[in-house]
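One structure is given below, encoded as structure tokens.
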Amino acid sequence: MSETIVIAEMNNNAIHPSTAELVAAAGALGSEPTLIVPCTDASAADGATSWNGISNIIAAKSSAFENYDAAGWASALDAVMPQGTIITGTSPQSKDLAARIAGHRGMPVVQDVVKIDGNQVTSPVYSGKAMQTVSLGGASVISVRSNVFSPVQEGGENNVSVVDTTGNIATSVQEFMERASKRLDVSEANIIISGGRGMGSPENFSHLEAVADTIGAAVGASRAAVDTWEAIPHSMQVGQTGKTVNPNLYIAVGISGAIQHLAGMRSSRYIVAINKDADAPIFKHADYGIVATWEEALPVLHNKLQTMME
Amino acid sequence: MPNIIVLVKQVPDTNAKILVSGESVDLSAVKMVMSPYDEFALETALQHKEAAGGEVTALTVGGPGAEKILKDAKAMGVDHIVRVETSSSMDTNALQTVLKQAITNLGAEVVYCGKSAADTGAGSTGPGVAARLGWASASNITAATFDGGVSVMTPGNGGNVKLSVPLPAVISCDKGNLKVRKANIKGIMQAKKATVDVHTIESPISTVTVVNQSLPPAKPAGKSYQGGDAAAEVAQLLRDEANLL
């Protein structure tokens, strides 16, 4: 495999820890990568100086990285990145950037990689109803899902070269808006508790919120719930036409497990299902299945979790 | 008045069960539909035309079987329907190069597409085609307004960001609060009579090639419990067995 480049996942001008998994993924492709850190302040790159498995670090410094603009970021990064196979994370912004850079460099892109074997990479297709393995015949851009590769450890010693760069920003920000809800979004949560039509009414989602607040979870919903109740916004929808999630723990309450929904959450590490119908398809995918109404099970779950979290 | 193109793709119905025979997915028994997010792109394109004038062209890449979704788009109100004929499977570089050429041939100020297709879930087409055209792009938008230019709402900075998008641009659409219009009888009759404009475009060689497709590994059977009181035990196991919480 030729040269590899990892574009660091950033969070408030700091390297997100999941970047260490991307470095490990580059290692699986066969080479120690150049780590590119898109930043407005080069101190952001300090977070990776002691990581193993990196050949060198480039802090790509530009005011273009203040706000996300695909054209601006791709051109600013292209100017400082070596040639080779490029690896990004799979946040919506990172996948967008991966595709934009691939277009910029005239390369193919493969998204949502969950396995690397030589130059063959595997991604879920049909929302995880099937897996597809492709062979990379040349330099490509790949985005790699989190919770797949073990992060590289501390113990290395890397120098940081700071390179100033500029990007051609296309879009302009008119306004930033806070999210109506202060709660975590399902796409960024490690624990998700979701409700389906079995919750009976949108008001009953407050019981899910109570559990969510106890364990720091996001609240999601099935398509049936979103379609039935206007009070449940599409931004909460987990599934093939909603968000695809990959948390450590997914708790499905009053969700039967339509194929549409399973497609969006089946790769969660642990799945708990609460449903009154013992034949609900969700139970086939659950690590822990509880046949009960939510009215019976949620208060018990909530009390126990409160005790445990004290 | 803008020339507006909307990219549409035919995919398996999202409620369909996916079967694998041998080393590839078998879609022969599956109902094919317009990718759901493309419907939001189509609705946004039609709203853009209603606000600013111009014409909307629906464009797809694929075999003759893909013409059904073009007819569906026509019934909903697009002016022109175009299919780019292809022979074999393409990687994203080949496909996006073909799309770039088709868009250049047709001429457009703005291209709308779904935020991702229901088959790949990748979301690469919008930003990738924009890069190849050298245009601006905005992705995963949840709302758009057309006051002279185009302003969009997109998730970002832990909330939402309202962006001005300079044209020409490629904009990929999420659901937001859009209600997709239904085709009326007149539209359906017109779609029946409409002819699909078929183009042929040479594609570059694909370097990414499919090795095989398979079903995801089955999960071992989990533990099952009767009655709500078991929730306490499950919570404890999440900590003791799963090392969570």
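The values are calculated or read from the model by the stated rules, or taken from the named source; none is laboratory data. Predicted model only: the values in this text are computed from it and were never measured. FYI the Cβ positions are ideal-geometry reconstructions off the backbone, even for glycines, and counts take in every protein chain you see.
Results for (1) crowded, with 24+ Cβ neighbours inside 10 Å; (2) of a type in the set (G, A, S), shown as yes or no for each residue.
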residue	(1), (2)
A:G72	no, yes
A:L77	yes, no
A:V80	no, no
A:K95	yes, no
Exactly one of B:K219, B:K175 is over 22 Å from B:E67 (Cβ atoms) and touching a residue at least 12 places away in the same chain (Cβ under 8 Å), and that residue is B:K175
Matching entry among B:A144, B:A235 (being surrounded by 14 or more Cβ atoms within 10 Å (Cβ to Cβ), in a strand (DSSP E or B) and at negative phi): B:A144
Only one residue in B:K182, B:K219 is facing another protein chain (nearest Cβ under 7 Å) and not in a strand (DSSP E or B), so which one is that? B:K219
Within segment A:220-242, the count of residues that are in contact with a Ser or Thr (Cβ under 7 Å, 6 or more places away or on another chain) and among the aliphatic types (A, V, I, L, M) comes to 2
Scanning segment B:98-119 for residues that are β-branched (V, I, T) and surrounded by 20 or more Cβ atoms within 10 Å (Cβ to Cβ), which turns out nearest to B:Y37 (Cα to Cα)? B:V111
Quick one: which residue in A:V144, A:V160 is farther than 19 Å from A:S31 by Cβ, at pLDDT 95 or above and assigned by TED's automatic domain parsing to the domain that holds A:H16? A:V160
What tally of residues in segment A:165-205 results from selecting those that are within 21 Å of A:P247 (Cα to Cα) and part of a helix (DSSP H, G or I)? 4
Filtering segment B:97-141 for residues that are assigned to a loop (DSSP other than H, G, I, E, B), among the small types (G, A, S) and either under 10 Å from the mean Cα position of the chain (by Cα) or at the interface with chain A (Cβ under 8 Å from one of its Cβ atoms) (or both) leaves a count of 7
Can you find even one residue in segment A:278-285 that is facing chain B (nearest Cβ under 9 Å) and in contact (Cβ under 8 Å) with a residue 40 or more places away in the chain? no
Enumeration of residues in segment B:1-20 that are within 19 Å of B:G114 (Cα to Cα), part of a loop (DSSP other than H, G, I, E, B) and in contact with a helix residue (DSSP H, G or I) (Cβ under 8 Å, 6 or more places away or on another chain): B:V8, B:K9, B:T14, B:N15
Looking at segment B:202-222, which of the residues that are modelled with pLDDT of 95 or more and of a type outside the set (A, V, I, L, M) is surrounded by the most Cβ atoms within 10 Å (Cβ to Cβ)? B:Q213
Give me a count of the residues in segment A:228-283 that are touching a helix residue (DSSP H, G or I) at 6+ places or on another chain (Cβ under 9 Å) and not in a loop (DSSP other than H, G, I, E, B). 27
Of residues in segment B:162-177 being under 20 Å from A:Q237 (Cα atoms) and not acidic (D, E), the one surrounded by the fewest Cβ atoms within 10 Å (Cβ to Cβ): B:N177
Does segment A:241-249 contain at least one residue that is among the aliphatic types (A, V, I, L, M), in contact with a Pro (Cβ under 9 Å, 6 or more places away or on another chain) and crowded, with 19+ Cβ neighbours inside 10 Å? no
Of the residues that make up segment B:64-82, is at least one farther than 20 Å from B:K192 by Cβ and either crowded, with 19+ Cβ neighbours inside 10 Å or out of contact with any His (no Cβ under 9 Å at 6 or more places or on another chain) (or both)? no
If you go through segment B:186-196 one residue at a time, do you hit one that is surrounded by 12 or more Cβ atoms within 10 Å (Cβ to Cβ) and within 14 Å of chain A (Cβ to nearest Cβ)? no
Give the residue that is farthest from the other protein chains (Cβ to nearest Cβ), with candidates limited to residues of segment B:165-179 that are within 14 Å of the chain's Cα centre (by Cα) and of a type in the set (A, V, I, L, M, F, W, C). B:C173
What number of residues within segment B:72-127 satisfy the criterion of being farther than 13 Å from B:T60 by Cβ, in contact with a strand residue (DSSP E or B) (Cβ under 6 Å, 6 or more places away or on another chain) and among the small types (G, A, S)? 6
Condition first: farther than 20 Å from B:D119 by Cα and away from chain B (no Cβ under 11 Å). Now tell me which residues in segment A:251-274 satisfy that. A:A252, A:G254, A:I255, A:S256
Taking the conditions exactly as written (among the hydroxyl-bearing types (S, T, Y) and either in contact (Cβ under 8 Å) with a residue 40 or more places away in the chain or more than 22 Å from B:P155 (Cα to Cα) (or both)), does A:S222 satisfy them or not? no
Among (1) away from chain B (no Cβ under 11 Å); (2) in a strand (DSSP E or B); (3) not hydrophobic (A, V, I, L, M, F, W, C), the one test that A:S143 misses: (1)
Here is a check on your reading of the model: is A:V291 closer than 25 Å to A:E203 by Cβ, in contact with an Asp or Glu (Cβ under 9 Å, 6 or more places away or on another chain), at pLDDT 95 or above and not basic (K, R)? yes
Residues A:V211, A:V238, A:V253: which one is among the aliphatic types (A, V, I, L, M) and within 26 Å of B:S35 (Cβ to Cβ)? A:V238
